[in-house]
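Working notes, beginning with the structure itself.
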Amino acid sequence: MNTVKTVRELRAAVARARSEGKRIALVPTMGNLHSGHAALVVKAAQRADFVVATIFVNPLQFGPSEDLATYPRTLAADQETLLQSGCHLLFAPTVDEMYPHGMDDQTRVSVPHLSEGLCGASRPGHFEGVATVVSKLFNMVQPDLAIFGQKDFQQLAVIRALVRDLNMPIQIIGEPTVRAADGLALSSRNMYLSEEQRTAAPALYAAISQIAEAIQNGERDFSRLLTAGMDQIKAAGFRPDYLEIRDATTLRPATPDDLDIAILAAAFMGTTRLIDNLHLTKE
Ligand code: PAF
């Protein structure tokens with residue numbers, strides 16, 4: 001596996017693979033890779049002949065009081081994980097390489113409605129930052145397909161919308177969340193948790209799962225379910241940001257007869273913000 005740092009090298013390596021008739025997959029990440037990321041690369045290698053992963057901690061998607069400076073940067077370990085998972089090329093650019101004209105003058109991609117509410121409400125500008133960097137990576141690599149984790153459910157919806165609206169000929173694939181044995185969704189931010197917080201953290205998924213189970217058993221009083229879920233999350237020591245039952249495609253509040261439902265949550269454990277979700281499809 002080669003690691004390149006410039007757009008020129010990236011384009012040259014992708015062009016070579018393309019000229020050999022290879023089908024190209026892209027797995028964008030911010031690094032500090034765990035087995036959830038590895039699963040995305042493994043899936044990419046099953047679906048394509050040439051897998052490009054990217055590691056870029058994108059300043060444009062962090063708010064001023066967020067963890068941009070402390071976000072874990074673990075390039076050597078990440079290279080090993082990517083190699084073991086079947087990646088062919090790693091693009092790990094600097095901020096200057098990605099934003100050579102500065103971030104203030106950077107053209108932005110913004111996806112209305114889907115970017116508002118949920119994580120968008122407490123992280124203003126976040127999804128514009130994501131949509132912009134992902135669009136740039138799509139244009140640099142021009143992959144046949146790109147793979148993202150379903151843990152970032154709203155992000156995946158935003159990316160599907162931008163590809164549709166900007167007519168990008170890229171297949172977007174969402175991969176199921178990888179969880180620890182106790183249910184906690186794997187996330188690079190889990191490493192911020194103290195031992196005690198880590199023990200309490202699976203309560204977020206437990207609350208979502210109980211709501212999912214109740215809905216599957218025919219419960220339609222969503223507000224009652226959400227109140228009980230909030231109480232459960234708070235009792236575990238979380239400060240909830242949101243807990244919502246939404247239409248899985250539009251992300252608008254779900255109605256009792258919605259067939260495609262997502263239960264989405266974000267909550268702070270100490271200063272660490274964790275997100276999780278479950279996607280329910282009714283028969
Ligand atoms: O999910 C992430 O790690 C990031 O938001 C992404 C998609 C790599 C864009 O920076």
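The values are calculated or read from the model by the stated rules, or taken from the named source; none is laboratory data. Please read these numbers as outputs of a predicted model, since none were measured by experiment. Cβ: placed from backbone, ideal geometry, glycine included. Neighbour counts: every protein chain shown. Please note that ligands, DNA and RNA were not included when accessible areas were found on the heavy atoms of the full protein model with its side chains. Shrake-Rupley method; radii C 1.70, N 1.55, O 1.52, S 1.80 Å.
Farthest toward the dipole's positive end in the chain, which of Gln197, Cys119, Ala228, given Cβ charges of +1 (Lys, Arg) and -1 (Asp, Glu) about the Cα centre? Final value for the positive-end residue is Cys119. The ellipsoid equivalent to the alpha-carbon distribution of the range 130-201 has semi-axes of 31, 12, 10 angstrom, derived from the gyration tensor eigenvalues as √(5λ) and listed largest first. Taking all protein chains as shown and a probe of 1.4 angstrom, Tyr99 keeps an accessible surface of around 10 Å². Note on the range 106-168: the C-alpha convex hull projects to 4.3 nm² when averaged across all orientations. Beta bridges from DSSP with both residues in the chain: antiparallel share about 50 percent, rounded to the nearest 5. For the range 154-283, relative contact order (Cα pairs under 8 Å, six or more residues apart, normalised by length) works out to 21 percent.
Rounded to two decimals, the Cα-based Rg/Rh of the range 217-263, with Kirkwood Rh, is 1.01. Assuming charge only on the beta carbon of Lys and Arg (+1) and of Asp and Glu (-1), the dipole of the chain about its Cα centre is about 640 debye to the nearest 20. The distance linking the range 155-182 with the range 105-154 is 10 Å (Cα centroid to Cα centroid, whole angstrom). Counting heavy atoms of the protein chains alone, Ser188 has an accessible area of about 10 Å² for a 1.4 Å probe.
This model, with +1 at the C-beta of Lys and Arg and -1 at the C-beta of Asp and Glu, gives the range 21-124 a dipole about its Cα centre of some 480 debye. Near the amide H of Asp67, within less than 5 Å, lie no amide hydrogens of residues on another chain or at least 5 residues away, with H placed in the peptide plane. Solvent-accessible area per residue in the range 35-175 equals 43 Å², computed with a 1.4 angstrom probe and all protein chains kept.
Under 5 Å between amide hydrogens, built in the peptide plane, is the criterion, and for Phe91 it picks out Val4, Ala53, Thr54, Ile55 among residues at least 5 positions away or on other chains.
Counting only Cβ charges, +1 for Lys and Arg and -1 for Asp and Glu, the dipole size of the range 108-191 around its Cα centre is about 120 debye. With θ taken as phi - 60° and the Karplus curve 6.51 cos²θ - 1.76 cosθ + 1.60 applied, the whole-hertz 3J(HN,Hα) list for the range 240-249 is x, 8, 8, 9, 9, 10, 10, 5, 5, 9 Hz, x standing for glycine and proline. Surface composition of the range 177-216: carbon and sulfur make up 50 percent of the accessible area, probe 1.4 Å. A cut-off of 5 Å between modelled amide H atoms, ignoring neighbours fewer than 5 places along the same chain, links Glu175 with Phe148, Gly149, Gln150. Shape index of the range 1-154: Rg/Rh, with Rg the Cα radius of gyration and Rh the Kirkwood radius from the inverse mean 1/r over Cα pairs, equals 0.95. Can you give me the C-alpha center-to-center distance between the range 72-91 and the range 243-268, rounded to a whole angstrom? Between the Cα centre of the range 72-91 and that of the range 243-268, the gap is 34 Å.
With θ set to phi - 60° and the Karplus curve 6.51 cos²θ - 1.76 cosθ + 1.60, what are the ³J(HN,Hα) couplings of the range 165-170 in order, to the nearest whole Hz, using x for Gly and Pro? Running phi through 6.51 cos²θ - 1.76 cosθ + 1.60 with θ = phi - 60° gives 6, 9, 6, 8, x, 10 Hz. Evaluated over the chain, the count of Lys pairs having alpha-carbon atoms less than 28 Å apart is 12 (only pairs 8 or more residues apart or interchain). Protein heavy-atom accessible surface, 1.4 Å probe, per residue over the range 209-264: 52 Å².
Over all pairs of different C-alpha atoms, the chain has a mean inverse distance whose reciprocal, the Kirkwood radius, equals 19.7 Å. Cα extents for the range 80-235 along the principal axes, largest to smallest and rounded to whole angstrom: 48, 37, 30. Across the range 194-210, rounded Karplus estimates of 3J(HN,Hα) from the backbone phi angles (6.51 cos²θ - 1.76 cosθ + 1.60, θ = phi - 60°) give 6, 4, 5, 5, 4, 5, 7, 4, x, 4, 5, 5, 4, 5, 4, 5, 5 Hz, Gly and Pro being marked x.
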